[in-house]
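Engineer: One structure follows; several queries about it will come next.
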Amino acid sequence: GNRQSPDGQTNIGGFDATQYYKSENIHGNIYAEKLKLKSKSNSSFMCLLHKLRQNFMKKTNENFEPQYAGIVNALVTGDTSSIYSSDSEALKKSGVYHIIAISGMHLNIFIIVFSKFIASLRIKRLKKSILSAIVCSFLGLFVLLFTGFGLSVVRAFVMLVISLASTIFARKYSSKNSLFLSVVIILIFIPSSYYNVGFKLSVLSTYGVLLSIDVINMLKKSKKLKKFASHSFVSVFISSMLCTLLNLPVTIDSFGYISLYSFPANLIMLPLSTPALGGSVIFGVFALLGFDTLSKIISYPLTAIIYLILKSSKLIAELPYSTINTYPLYTYTAIIALITIVF
């Protein structure tokens, strides 16, 4: 066939096809005059997993209106193709598109449930650690395969393996060290992840959450600020602020604009994102196990949560000056100039 390289960035701040293909580890396109497909056995594990994904999407489409089904599919499988373009644009402009992206939270939901169950067993600590490592590793691999090996899930899985290893060998676990080590491991084995915007945002958001925990713990040590730091709103506020600030350079460089209201939008959306993801996962488990009545019951509150997310994002996106177009070179120069003037 004829090989064709992808086009580069044609406008400042515009879509860069070359960068995108690099992030997907694709080096170019080949156009063939003739194409012959060979059928494979439908009994392979990957084929069965594909059928499971298709069955989940079918159940989603049966229980939700198309607008909400697209969000549920994105939350569980990572497939964003069925999300309405108007909803996608509103989520991006309000700066909260990350809440519907595949993340490490999928792993955390399952791991927390199974870890608590294993912890309740009356067996020796070492046996508990080994059993937990085996069960959680297999579970993590299944989630990785089901969600299509999203890099943020891969990052969470590597952190999980590090955590399980530290438990088995009775070593102190550091979340920040685990995050940095997982990034190094992923970059070594998947170098193309360096170009993946979602991976960068996932790492920086995770680091922002870990930093916010340190800040909150520091505030709790102060007698005057202890009560203030104990409020859940304060935790969300600090976490949202740090995540927004840390993600700002990537947003400027990759998207070419800044969402002015992303910080207050995250304060509204973050409390809704966890039940939305948790509800979607629970719905998926019931639907795939054939508990149609239970999955239908779950769909009603889940629809209400997704409605609130979409409605809020549209209202925020329609506010005056919801986004400001930026050009990376000029924006970074302006930031450096402001820092120089201030200090």
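Engineer: May I ask you to say which residue of Ser262, Ser273, Ser239 is open to solvent by less than 30 Å² (accessible area, probe 1.4 Å), under 19 Å from Asn325 (Cα atoms) and among the hydroxyl-bearing types (Ser, Thr, Tyr)?
Structural biologist: Ser262
Engineer: While we're on this one: With Phe199, Phe189 as the choices, which residue is modelled with pLDDT of 80 or more, among the aromatic types (Phe, Trp, Tyr) and open to solvent by less than 40 Å² (accessible area, probe 1.4 Å)?
Structural biologist: Among Phe199, Phe189, only Phe199 is modelled with pLDDT of 80 or more, among the aromatic types (Phe, Trp, Tyr) and open to solvent by less than 40 Å² (accessible area, probe 1.4 Å).
Engineer: Select, from Leu121, Leu75, Leu49, the only residue that is modelled with pLDDT of 70 or more, of a type in the set (A, V, I, L, M, F, W, C) and not in a helix (DSSP H, G or I).
Structural biologist: Sole residue among the options that is modelled with pLDDT of 70 or more, of a type in the set (A, V, I, L, M, F, W, C) and not in a helix (DSSP H, G or I): Leu121.
Engineer: List every residue pair whose Cβ atoms sit under 8 Å apart, with the two residues 6 or more apart in sequence or on different chains, where the first one lies in segment 9-29 and is over 15 Å from Gly198 (Cβ atoms) and the second, anywhere, is modelled with pLDDT under 65 and open to solvent by less than 50 Å² (accessible area, probe 1.4 Å).
Structural biologist: From residues that are over 15 Å from Gly198 (Cβ atoms), the pairs are Gly13/Pro328.
Engineer: Among the candidates Val184, Val250, single out the residue that is open to solvent by 60 Å² or more (accessible area, probe 1.4 Å) and not aromatic (Phe, Trp, Tyr).
Structural biologist: The conditions single out Val184.
Engineer: If you don't mind, another one. Checking the condition over 29 Å from Ile190 (Cβ atoms) and at pLDDT below 70, which residue from Ser39, Ser86 passes?
Structural biologist: Of the residues listed, the single one that is over 29 Å from Ile190 (Cβ atoms) and at pLDDT below 70 is Ser39.
Engineer: Provide a single number: the residues in segment 43-81 that are of a type in the set (S, T, N, Q), within 18 Å of the chain's Cα centre (by Cα) and open to solvent by less than 50 Å² (accessible area, probe 1.4 Å).
Structural biologist: The qualifying residues number 2.
Residue by residue, here is whether (1) at positive phi; (2) in contact with a Phe, Trp or Tyr (Cβ under 8 Å, 6 or more places away or on another chain); (3) not charged (D, E, K, R) holds:
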position: Leu52; (1), (2), (3): no, yes, yes
position: Asn55; (1), (2), (3): no, no, yes
position: Asn63; (1), (2), (3): no, yes, yes
position: Gly78; (1), (2), (3): yes, no, yes
position: Tyr84; (1), (2), (3): no, no, yes
position: Ala90; (1), (2), (3): no, no, yes
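Engineer: Ile298 - would you say it is under 18 Å from the mean Cα position of the chain (by Cα) and among the β-branched types (Val, Ile, Thr)?
Structural biologist: Against the criterion (under 18 Å from the mean Cα position of the chain (by Cα) and among the β-branched types (Val, Ile, Thr)), Ile298 does not qualify.
Engineer: Within segment 293-311, which residues are in contact (Cβ under 8 Å) with a residue 40 or more places away in the chain, open to solvent by 20 Å² or more (accessible area, probe 1.4 Å) and within 21 Å of Arg53 (Cβ to Cβ)?
Structural biologist: Lys296
Engineer: So which residues in segment 161-172 are open to solvent by 60 Å² or more (accessible area, probe 1.4 Å), in contact (Cβ under 8 Å) with a residue 12 or more places away in the chain and of a type in the set (A, V, I, L, M, F, W, C), if there are any at all?
Structural biologist: Val161
Engineer: Check Ser280 against each of (1) in contact (Cβ under 8 Å) with a residue 24 or more places away in the chain; (2) open to solvent by 10 Å² or more (accessible area, probe 1.4 Å); (3) within 26 Å of Ser86 (Cα to Cα); (4) assigned to a helix (DSSP H, G or I) and name the one condition it does not meet.
Structural biologist: Failing condition for Ser280: (2).
Engineer: Here is a further query. Report those helices (runs of 4 or more DSSP H) wholly inside segment 165-235 carrying at least 3 residues which are in contact with a Gly (Cβ under 8 Å, 6 or more places away or on another chain).
Structural biologist: 197-220
Engineer: Please determine whether any residue of segment 265-274 is touching a Lys or Arg at 6+ places or on another chain (Cβ under 8 Å) and modelled with pLDDT under 80.
Structural biologist: No, every residue in segment 265-274 fails to be touching a Lys or Arg at 6+ places or on another chain (Cβ under 8 Å) and modelled with pLDDT under 80.
Engineer: Within the group Lys296, Lys223, which residue is modelled with pLDDT of 80 or more and among the charged types (D, E, K, R)?
Structural biologist: Among Lys296, Lys223, only Lys296 is modelled with pLDDT of 80 or more and among the charged types (D, E, K, R).
Engineer: Restricting to segment 173-211, what's the tally of residues that are touching a residue at least 40 places away in the same chain (Cβ under 8 Å) and closer than 18 Å to Ser235 by Cβ?
Structural biologist: Of the residues in that region, 2 qualify.
Engineer: Restricted to segment 153-180, and to residues that are of a type in the set (A, V, I, L, M, F, W, C) and more than 19 Å from the chain's Cα centre (by Cα), which residue is farthest from Ile130 (Cα to Cα)?
Structural biologist: Ile162
The values are calculated or read from the model by the stated rules, or taken from the named source; none is laboratory data. Just so it is clear, the structure is predicted and the values come from calculations on it, not from any experiment. When we count neighbours, we look across all protein chains shown, and the Cβ atoms used for this are built from the backbone with ideal geometry, even at glycine. With ligands, DNA and RNA removed, areas are computed over all heavy atoms of the protein, side chains included. Shrake-Rupley method; radii C 1.70, N 1.55, O 1.52, S 1.80 Å.
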